[in-house]
Each structure stands twice: as C-alpha cells, then as structure tokens.
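The values are calculated or read from the model by the stated rules, or taken from the named source; none is laboratory data. Remember, it's a predicted structure, so these values are computed and weren't measured experimentally. Cβ coordinates were reconstructed from backbone atoms using ideal geometry, including for glycine residues, and neighbour counts include every protein chain displayed. Areas reflect the complete protein model, heavy atoms only, side chains present, ligands, DNA and RNA absent. Shrake-Rupley method; radii C 1.70, N 1.55, O 1.52, S 1.80 Å.
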Amino acid sequence: GFGEAQKYLIASAPRNNMIVYLALPASGAPAKGEQPMRVLIANDLKYPQGIAVDQYRRVLYVADPTLGKLVGYDLTSAGDRLQAGGMRTIADRVEARSVAVDGLGNVFFTDEPRQLIMRVTARMLRDGDTTAEVVYGGSNATKEVSAPGGIALDNYFVYWLNKHGGERSGTLVRAPHKPAVNGTGLQPVKLASNAPKCYGVCLGMGNLFYTDETRNLYGISRVSTARHHPITVSSALAEPRGCAHDGDGTVYVTDKKHNAIYQFASNMQELLPERELVKAADLEGAFGVAVYVDKIGRASCRERV
C-alpha cells in the first residue's frame, strides 16, 4: 500500500572498485547475510570510499578520492532491484573521502589532504555549479579540523571525525552548517576526544555512532556536553570503517578486515556497552555504507538536482 517502503543496504568495495547493494526484507526484519550483495556500479570508479543517499531526490553520492571529484548517480528501483544512472560531477577538483547530505539536499564532504570541510548547496546543485565552498578549514581555519575523516549531517549541524591527533583537535566535532562570523554565532564543539584516528560516523535517533581505526565502535548522545563520555558499543571489530542508520532502529557498520557488514539494534533509551553484532552481509574490503529507503507509491514527479 501507499507509504510502505523497500530498504536497500548499499556499500562501497574499494578493492574491487564497486558499489554493491542488498534489498532488505520489506518487513523491516534484520538481514541475515543469506543473500549475496548485487553489483550496483561496476564502471568508472577507482577507489570508492564514503557514500551517502539523498532519500527524497533519489541520488547516491560517492566519494572516490582518486577521481579528483565528488560524483552522484540517480537511483531507480523495482521490487528488490536497484539501478544507478550515469555518473555526474557534483564537486570538481576535490579529493573527497567521506560525504553526507541533509534533508534540504545540501551535500557536505571532507577533503582530508587539504584539511577541509566542504559543501555544495542544494541551489548550487540545481544550477550545476561544481565549485564547492569551504565551510571549515582553509580561510576559515579552525583547530578542530585535523585530517577530517567521516562526516554526518542533520539540518542544523555538521559532525565530523578527525584522523590525526583526535585527542587534541577532537575525535568527534559538532559545528553549525554556517561558521561564526567575526565571533558571532555558534563555534565548533568537541563532543569526544577519546581516540587519535577515527573513520565513520552516523546519526541514530538520539545518538551518534562512530568507529576508530581498530576494533571499536563508539556511541554518544547527539546533545553531548563536556559532562558526557562516549560508550564503547562494541570492541569486537577488526578494522571498522563506515556506519549507517536505517531510519528505524538498526545501525550497520562495515569491517574492512573481516570483509563483512554487521548490524545491531540501536533503538536503546540509554547507550549500553558491548552490544551484540550480527553479520548482515559478506563484502570483501567493505568500507562505506548507506541505507536507501524507497517508499512505494511516491509521486512520479520528483524534484531532481
């Protein structure tokens, strides 16, 4: 009926230069790793890492640092099958490694070598403007940007991880979409400083989840202050990388070394340590991950960017 949704688990496999997907059960029940992942994109990409989906506009964004640009693909679906259109340039002359999109269609990404948090606004996308804006770093230099890794968004804040000196610069940082001007406005806030190098971050209902270089998946409240400390949600991973929330109650996290994608129930009122992880899918060198929710019966006339 109208309003039902088909969910797809999408992941990047840098070793094989591919983006793959798996249709999740329509009932919303967790995937059990029983179905092999299908190829979504097998050409053009060289080393895809971070991915993100604009649910409303049905666009998959891919951060492949070897391309020298951030790219996007229109998505179409039929039943348990998902297809991607042709590659198009979203931001040119950048080395994007992680990407996120908010509900308004604004795309933020990290350019790690240049120490930048960058964006392409929804208006720029509509106008075909591929010259990305610097939000933090560069001329807006801030000590909270230090080899930025994973990135996540809501409609108010951008969250990023640092991959160098996280104990000093902040392992996890929260900042407004628009930087303060002349000292007026909100400043970046270090939500956590518990690890020197982290990779993937995602937003749950009321919490943030993020991965370090080896073993650990952490969780912390989205309204964290200096009084809060991250919880080690799991230490059973080997080389955790990306993570994604399905918009309901499940978080997926990739493990590059274990060649797998794991899942756990994230709808907990209070963050609890050492949650049980269940394998959702096998994937060689699993890295980035996203969940695409395609509602059945959506109007055929959709806004395109």
**OP:** For K257, K197, write out the residues from largest to smallest accessible area, computed with a 1.4 angstrom probe and no ligands counted.
**Re:** K257, K197
Original post:
What is the Cα coordinate range of the range 63-174 on the first, second and third principal axes, sorted by size from largest, in whole angstrom?
Top reply: 48, 29, 29
Original post:
Direction-averaged shadow area of the convex hull around the Cα atoms of the range 169-256, nm²?
Top reply: 6.3
**OP:** On the protein heavy atoms, probe 1.4 angstrom, tell me the percent of accessible surface of the chain carried by carbon and sulfur.
**Re:** 47
Subject >> Reachable aspartates and glutamates from K46, criterion Cα separation under 18 angstrom, eight or more residues apart if same chain >> reply: D64, D92, E95, D111, E112, E284
Subject >> Computed [θ] at 222 nm, helices only, for the chain once each DSSP H run of length n ≥ 4 contributes -39500 (n - 2.57) >> reply: -500 deg cm²/dmol
Subject >> Flagged links, alpha-carbon separation over 24 Å, of K69/K163; K257/K279; K7/K257; K7/K197 >> reply: K7/K257; K7/K197
Original post:
Per residue, how much accessible area does the range 156-214 have with a 1.4 Å probe, in Å²?
Top reply: 43
Original post:
Whose amide H sits under 5 Å from the amide H of R275, counting only residues 5 or more places off or on another chain, with H placed in the peptide plane?
Top reply: S234
Subject >> Computed label-point distance, nm, for sites L186 and A265 using a 7 Å Cα→Cβ extension >> reply: 3.2
Original post:
Expressed in nm², what is the orientationally averaged projection area of the convex hull enclosing the Cα positions of the range 133-221?
Top reply: 5.6
Original post:
P(r) for the chain: what percent of alpha-carbon pairs falls in each 20 Å bin, starting at zero?
Top reply: 37, 59, 4
Subject >> Cleavage-rule hits (chymotrypsin sites (Phe, Trp or Tyr not before Pro)) in the range 30-104: DSSP loop, at most 15 neighbouring Cβ within 10 angstrom >> reply: Y56
